[in-house]
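> One structure is given below, represented as structure tokens, and several questions about it will come after.
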Amino acid sequence: MSAAAAFRRDPISYLRTEFRRQGGVFTLPDAVLCVADPAIAQEVLRDPEHHYGELSGFFQTSFGNLGPRTVQSTIGKQARQLLRPQIAEPATVRKALAPLGGEAAGWPTAGPVLAYEFFRQALLSEASPLHLHEVLRSMVTDGMVMLTGPIPVRLRRSFLRQRMLRLVEREIRRRQSGARIDSVDLLDLLIQAAPEACAEAIAEIYLLLFRSVTSAVGFTLGWALWLAGRWERITDLPPAWVVKESQRLFPTAWMFSRTGAREHTLGTRRVGVGDRVRVCPYLIHRHPQCWDEPDMFRPERWSGAPHYAFMPFGSGPFACTGASLVQAFAEAALHVFTEDLRFSVVRSGERPLVSALLVPPRFWLRLDPA
Ligand code: HEM
């Protein structure tokens, strides 16, 4: 089998083998450099000499980079502020979790659904058109869990994505021409922060943020429950340790990239203008020189100081602005699970589903009152 086919078939096994064979920086089948060495990853992400440019790749759209940088930073900060108040109340977390009670619930889809219900008001105001609400909900239940699968399934997802983008663009234009909504939502925030941007570019960034808030957050919680639900001593431990340890073993953002803007070297490798470099938190988080028993679930390891080889949200100037929010949400949800309920994982797959995100295998949770 060719290297490209082996990577496509099982990216995680491929990466682990190449890391063992070649070390901290190696070339992927598509000729892109993969960085698994934490010090070199920090050099790439902090990028003090601007080898990779001065704008965030997160805001790259088909219509150019939504910028300038001040606009990007404002969007990140305001999005976090908009979403954060939802978490403060444990009662809100309980309410969002309530529909999952009793019967075993199907994951990983339950994660994004739960996150969507939780942040719904902030994502899209109630006063927005009903069909837009409906398509967002379909994206969560049907459109995002896996980007792989049989061709009809992929076609349906691609169709859903296009439909969502068109409806969001229409809503942006409606609001730009003066339509009022009842309370500020994520879409409003983008329209106000980037008045120069076209509706199509704003819609793409909205979709990306929507996915971060629903899929990435939901899968992060899914991983924590999948690991914790098979572990007997779970109620004795602070949820913060469990969440961190599950992000270490299964970072939902398992690989993210940079594009060279100036020639430079990384370790012994040359990076030219336009060359892609991928940082791989999955391998960094299991680096045998940085972690004891790297493949073991050991939440106690988080009793100490933060770890330099831990980067589930990136690092440096473009690190995720939602990191503290995600952590708070996952901890609050896990706290409710461990305090109010007894939960265990029943009927589970063993292998992650690998797409743009690292998705937990299919599993069911048995939930009983404590
Ligand atoms: C588990 C959930 C999430 C994960 C794993 C995640 C991961 C990441 C990562 C790895 C980056 C950096 C990408 C890079 O360096 O190229 C990033 C950037 C970003 N994330 Fe998140 N994210 C999550 C949730 C969120 C949420 C809820 C928000 C909403 C506030 C958010 C907003 C952003 C923004 C605005 C950026 C770009 C930051 C900048 O360049 O200034 N993310 N995210």
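The values are calculated or read from the model by the stated rules, or taken from the named source; none is laboratory data. None of these values were measured; they are calculated from a predicted model. Reconstructed Cβ throughout: ideal geometry from the backbone, glycine too, with neighbour counts over all protein chains shown.
> Mind checking which residues of segment 326-350 are touching a residue at least 12 places away in the same chain (Cβ under 8 Å) and among the charged types (D, E, K, R)?
Residues satisfying the conditions are 331, 339, 340, 342, 347.
> Answer yes or no as to whether residue 21 is of a type outside the set (Asp, Glu), assigned to a helix (DSSP H, G or I) and more than 25 Å from residue 254 (Cβ to Cβ).
Considered against the rule, which asks whether it is of a type outside the set (Asp, Glu), assigned to a helix (DSSP H, G or I) and more than 25 Å from residue 254 (Cβ to Cβ), residue 21 comes out as no.
> Any residue in segment 287-305 that is touching a residue at least 12 places away in the same chain (Cβ under 8 Å) and within 25 Å of residue 213 (Cβ to Cβ)?
yes
> Here is a further query. Mind listing whichever residues of segment 312-327 are in contact with a Pro (Cβ under 9 Å, 6 or more places away or on another chain) and in a loop (DSSP other than H, G, I, E, B)?
Across segment 312-327, the qualifying residues are 313, 320.
> For segment 28-67, what are the residues that are closer than 23 Å to residue 322 by Cα, away from the ligand (no atom under 12 Å from the Cβ) and assigned to a loop (DSSP other than H, G, I, E, B)?
Across segment 28-67, the qualifying residue is only 48.
> Specify which of the listed residues (16, 46, 84) is touching a residue at least 60 places away in the same chain (Cβ under 8 Å), under 30 Å from residue 336 (Cα atoms), surrounded by fewer than 20 Cβ atoms within 10 Å (Cβ to Cβ) and charged (D, E, K, R).
84
> Still on this structure, please answer the following. Checking the condition at pLDDT below 90, under 25 Å from residue 341 (Cα atoms) and part of a helix (DSSP H, G or I), which residue from 155, 114 passes?
Selected residue: 114, the only one of 155, 114 that is at pLDDT below 90, under 25 Å from residue 341 (Cα atoms) and part of a helix (DSSP H, G or I).
> Which ones in segment 227-237 are surrounded by fewer than 24 Cβ atoms within 10 Å (Cβ to Cβ) and touching a residue at least 12 places away in the same chain (Cβ under 8 Å)?
Selection gives 227, 229, 230, 231, 234, 235, 237.
> Within segment 269-300, restricting attention to residues that are part of a helix (DSSP H, G or I) and more than 16 Å from the ligand (Cβ to nearest atom), which residue is surrounded by the fewest Cβ atoms within 10 Å (Cβ to Cβ)?
Among those that are part of a helix (DSSP H, G or I) and more than 16 Å from the ligand (Cβ to nearest atom), it is 300.
> Now, a different point. Which pairs have Cβ atoms under 6 Å, sit 6 or more apart or on different chains, and link a residue in segment 62-80 that is under 21 Å from residue 119 (Cα atoms) and modelled with pLDDT of 95 or more to one that is near the ligand (Cβ under 6 Å from one of its atoms) and part of a helix (DSSP H, G or I)?
Cβ pairs passing all conditions: 80/325.
> Still on this structure, I have one more. Among all residue pairs at least 6 apart or on different chains, which show Cβ distances below 7 Å where the first residue, located in segment 200-225, is part of a helix (DSSP H, G or I) and the second is of a type in the set (Asp, Glu)?
Taking only residues 6 or more apart or on different chains, the pairs are 200/169; 203/169.
> Just to be sure I understand, how many residues within segment 352-370 are assigned to a loop (DSSP other than H, G, I, E, B) and without any contact (Cβ under 8 Å) to a residue 40 or more places away in the chain?
Going through segment 352-370 one residue at a time, the tally reaches 1.
> Now a separate question. Given the criterion at positive phi, out of contact with any strand residue (DSSP E or B) (no Cβ under 6 Å at 6 or more places or on another chain) and of a type in the set (D, E, K, R), identify the matching residue among 331, 300, 293.
That would be 293, the only listed residue that is at positive phi, out of contact with any strand residue (DSSP E or B) (no Cβ under 6 Å at 6 or more places or on another chain) and of a type in the set (D, E, K, R).
> Answer with yes or no whether residue 172 is over 29 Å from residue 335 (Cα atoms) and within 15 Å of the ligand (Cβ to nearest atom).
no
> Name the pairs: first residue in segment 246-268 and more than 25 Å from residue 352 (Cα to Cα) and outside any helix (DSSP H, G or I), second residue more than 10 Å from the ligand (Cβ to nearest atom) and of a type in the set (Lys, Arg), Cβ to Cβ under 7 Å, at least 6 apart or on different chains?
Sorted first by the residue in segment 246-268, then by its partner, the pairs are 259/276.
> Among the residues of segment 301-311, are any crowded, with 16+ Cβ neighbours inside 10 Å, under 17 Å from the mean Cα position of the chain (by Cα), within 16 Å of the ligand (Cβ to nearest atom) and not in a loop (DSSP other than H, G, I, E, B)?
Looking through segment 301-311, none of the residues is crowded, with 16+ Cβ neighbours inside 10 Å, under 17 Å from the mean Cα position of the chain (by Cα), within 16 Å of the ligand (Cβ to nearest atom) and not in a loop (DSSP other than H, G, I, E, B).
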